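Following: one structure in structure tokens, then a few remarks.
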């Protein structure tokens, strides 16, 4: 199985709309082009789950929160907690969602299923060393467990 086909595998639990899945796919392609590795639906120490977590070669961590509509953004304020787990926080959305509804202190990505563009850079707020280590271990563990599940889908699940 090639790296690109592995990267296309996103854990889908039925809560994501087809629009959100398309935005995730296009955003992941953008992040890969910028040199990041990406894990979707990563559980955080706070109990939240980040839509996309991107890890750069230098250890920089970005979180991308996907919002597929105005109602989706207004109904969900848990993204405020994500800033504690990343160096930069972004929103990703479609062309149909007005850009001005997104907080000015986060980056913005506009995407479809085939690609994405960064509309606004996210301000940097460097993580504490202990949080960075915790996030990198969670990222590595999730990626390794997902790869193992692809190689041996009948293996007993690991915690």
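Sort through 125, 85 and tell me the only one that's in contact (Cβ under 8 Å) with a residue 24 or more places away in the chain and surrounded by 21 or more Cβ atoms within 10 Å (Cβ to Cβ). Within the list 125, 85, the selection yields 85. Scan segment 128-143 residue by residue and report those that are without any contact (Cβ under 8 Å) to a residue 40 or more places away in the chain and either closer than 20 Å to residue 51 by Cβ or surrounded by 13 or more Cβ atoms within 10 Å (Cβ to Cβ) (or both). Passing the criteria: 137, 140, 141. Residue count for segment 104-120, restricted to those that are surrounded by 12 or more Cβ atoms within 10 Å (Cβ to Cβ), part of a loop (DSSP other than H, G, I, E, B) and either in contact with a helix residue (DSSP H, G or I) (Cβ under 6 Å, 6 or more places away or on another chain) or modelled with pLDDT under 95 (or both): 1. Looking at segment 150-158, can you tell me whether even one residue there is in contact (Cβ under 8 Å) with a residue 40 or more places away in the chain and outside any helix (DSSP H, G or I)? No, segment 150-158 contains no residue that is in contact (Cβ under 8 Å) with a residue 40 or more places away in the chain and outside any helix (DSSP H, G or I). Can you find a residue that is part of a strand (DSSP E or B), touching a strand residue (DSSP E or B) at 6+ places or on another chain (Cβ under 9 Å) and either farther than 23 Å from residue 144 by Cβ or touching a residue at least 60 places away in the same chain (Cβ under 8 Å) (or both) anywhere in segment 63-73? There is at least one residue in segment 63-73 that is part of a strand (DSSP E or B), touching a strand residue (DSSP E or B) at 6+ places or on another chain (Cβ under 9 Å) and either farther than 23 Å from residue 144 by Cβ or touching a residue at least 60 places away in the same chain (Cβ under 8 Å) (or both). Residue check: residue 47 meets all listed conditions (1) free of Cβ contacts under 8 Å to residues at least 24 places away in the same chain; (2) surrounded by fewer than 23 Cβ atoms within 10 Å (Cβ to Cβ); (3) under 15 Å from residue 90 (Cβ atoms) but one, namely (3). Taking (1) outside any loop (DSSP other than H, G, I, E, B); (2) more than 20 Å from residue 37 (Cβ to Cβ); (3) touching a strand residue (DSSP E or B) at 6+ places or on another chain (Cβ under 9 Å) in turn, residue 100 satisfies each apart from (3). With respect to the conditions (1) touching a helix residue (DSSP H, G or I) at 6+ places or on another chain (Cβ under 7 Å); (2) part of a helix (DSSP H, G or I); (3) over 15 Å from residue 40 (Cα atoms), residue 134 lacks only one, and its number is (1).
The values are calculated or read from the model by the stated rules, or taken from the named source; none is laboratory data. Please read all numbers here as calculations on a predicted model, not as lab measurements. Every residue, glycine among them, receives a Cβ derived from its backbone with ideal geometry; neighbour counts consider all protein chains shown.
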